[in-house]
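Only one structure is covered here, and it is reproduced in the block below.
The values are calculated or read from the model by the stated rules, or taken from the named source; none is laboratory data. Note that this is a predicted model, so its numbers are computed, not measured. In this analysis, Cβ positions are derived from the backbone assuming ideal geometry, glycine residues included, and neighbour counts consider all displayed protein chains. Ligands, DNA and RNA are excluded from the accessible area calculation, which covers all protein heavy atoms including side chains. Shrake-Rupley method; radii C 1.70, N 1.55, O 1.52, S 1.80 Å.
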Amino acid sequence: GRGVEVQGGAQLALSRVLVEDNRDHGLIVDGTGTSVEASDLVVRSTREATDGRGGRGVNVQEGTHLALSRVLVEDNRDHGLFVNGTGTSVEATDIVVRGTREASDGTLGRGVNVQGGAHLALSRALVEDNREEGLVVSRTGTSVEATDVVVRGTREQASDRALGRGIDVEPGAQLALSRALVEDNREVGLLANGTDTSVEASDLIVRDTLPRASDGAFGAGVWAQSGARVIVSGARIERSHMVGIGSA
């Protein structure tokens, strides 16, 4: 039930396209050497396949390249934008990822997820009204450069009412963040976790971080733990439920 599938080294250029009301994936780009350039694109209302899995808006994996410009990814399931695999790269400019909802088991609902050694260059982006986590960067070799970004309104996971994090950087991943607003998220605004994890942020605002919905605990603006390295300059962190900046 996929909307657009590009694989096996194929090349595709999309312009002024609506991909709507499909199943499993709205747009999937898969396989080394495969590339897509898309502008003025809307991917929305993707739902699960008949086996209950999937529902992703845009899925990019296994050594592919995707260039996005002026794109709306809205009202999908599981993940709005999913980027995975060594050699996989995405350049996304003027992009909105919002309204992602949980998978069929009540988990996920993430806005943007980058993992497995992939690279994302993100500029002029709004990541809003997603579930569990707004922007996730995880695993060794994974890197994200994000400029002029807003991450807000992330809400708890449907299955257990935990999480709701704005930005989450997990073991071994790297995030460079500039001119960013992170507001109205739950549990943590910006989290860096694990050895070899690195976050460098400048011109950063983190505000109105709420506690977990499940137990009313936590609510940190910026939090580093388990050996992560965080450098922040030119920041304003305000109205956090528990603590503005903390580490463990």
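What the table shows:
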quantity: Cα-based shape type of region 52-186, given that a ≥ b ≥ c are square roots of the gyration tensor eigenvalues and the cut on a/c is 1.5; calculated: rounded
quantity: Gained length - E145 relative to T32, 0.36 nm times residue gap less alpha-carbon distance; calculated: 38.5 nm
quantity: Radius of gyration, Dmax [region 182-247; alpha carbons; angstrom]; calculated: 11.3, 33
quantity: Probe 1.4 Å, accessible area per residue of the chain, Å²; calculated: 39 Å²
quantity: Whole-Å semi-axes of region 135-248's equivalent ellipsoid (Cα gyration tensor); calculated: 20, 16, 13
quantity: Net charge contributed by nearby residues that have their C-beta within less than 12 Å of V150 (K/R +1, D/E -1); calculated: 0
quantity: Net charge over other residues, Cβ less than 10 angstrom from the Cβ of R16 (K, R count +1; D, E count -1); calculated: 0
quantity: Carbon + sulfur, % of accessible area of the chain - ligands and nucleic acids excluded, 1.4 Å; calculated: 44 percent
quantity: Label point 7 Å beyond Cα of S159 along Cβ direction - residues of region 77-118 with amide nitrogen under 15 Å; calculated: 78-79, 101-110
quantity: Distance in nm between pseudo-label sites at D21 and A121 (7 Å out along the Cβ direction from Cα); calculated: 3.7 nm
quantity: Most mobile listed residue (V137, V206, V42) in the chain, GNM with C-alpha springs under 10 Å; calculated: V42
quantity: For R131, distant residues with modelled amide H under 5 Å away; calculated: T100, R110, G111, R155
quantity: Fraction of beta bridges assigned by DSSP in the chain that are antiparallel (%, nearest 5); calculated: 0 percent
quantity: Vicinal HN-Hα couplings computed from phi for region 145-154 (Karplus, 6.51 cos²θ - 1.76 cosθ + 1.60; Hz; Gly/Pro x); calculated: 10, 10, 10, 6, 10, 10, 10, 8, x, 6
quantity: Where only alpha carbons of region 140-189 are counted, the Rg and the Dmax (Å); calculated: 12.1, 33
quantity: From the C-alpha gyration tensor of the chain, square roots of 5λ in Å; calculated: 29, 19, 15
quantity: Under Karplus coefficients 6.51, -1.76 and 1.60, residue-wise ³J(HN,Hα) of region 26-41 in Hz, glycine/proline x; calculated: x, 10, 10, 10, 9, x, 3, x, 7, 8, 9, 10, 9, 9, 6, 10
